[in-house]
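This report concerns only the one structure given below.
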Amino acid sequence: MALFAPLKLLNENEYVLINPAHVAAIEPTNDGEASRVCLAVADLGAQIFYEIDLPPREVWNVFNA
C-alpha cells in the first residue's frame, strides 16, 4: 500500500496527497464517475472531504499501487 497517493481533485487542475491509512470512507459521487474521500480526523471531531476525479474502485487501485 502506498504511503501517500496522489489523487486529482474533481473539476480542478490540482492533486492532493492522501495517506490511505487515514481514509475513513470512500463514497461514489456523480453517478459513480467520481469519489468523495473522507479522512478520519480526531481534532475536535472534524472530518475532511476531498472530491476526487476517479470512481471509488480506481481510488482503491491507486492506494494499493
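The values are calculated or read from the model by the stated rules, or taken from the named source; none is laboratory data. Everything quoted here is computed from the prediction, not taken from an experiment. Glycine also receives a Cβ, built like all others from the backbone with ideal geometry; neighbour counts cover every protein chain displayed. We work out accessible area using only protein heavy atoms, side chains counted, and drop any ligands, DNA or RNA first. Shrake-Rupley method; radii C 1.70, N 1.55, O 1.52, S 1.80 Å.
Taking the range 15-34 as the range and being polar (S, T, N, Q) and within 16 Å of residue 64 (Cα to Cα) as the test, only 19 passes. Within the range 27-58, the set of residues being closer than 13 Å to residue 10 by Cβ and of a type in the set (A, V, I, L, M) comprises 34, 37, 52, 54. Picking from residues in the range 1-53 that are more than 18 Å from residue 63 (Cβ to Cβ) and among the charged types (D, E, K, R), the one that is least open to solvent (accessible area, probe 1.4 Å) is 12. Pairs are defined by a Cβ separation below 8 Å, a sequence spacing of at least 6 or placement on different chains, a first member in the range 36-50 that is in contact (Cβ under 8 Å) with a residue 40 or more places away in the chain and within 19 Å of residue 4 (Cα to Cα), and a second member that is among the charged types (D, E, K, R) and open to solvent by 50 Å² or more (accessible area, probe 1.4 Å); the pairs so defined are 50/36.
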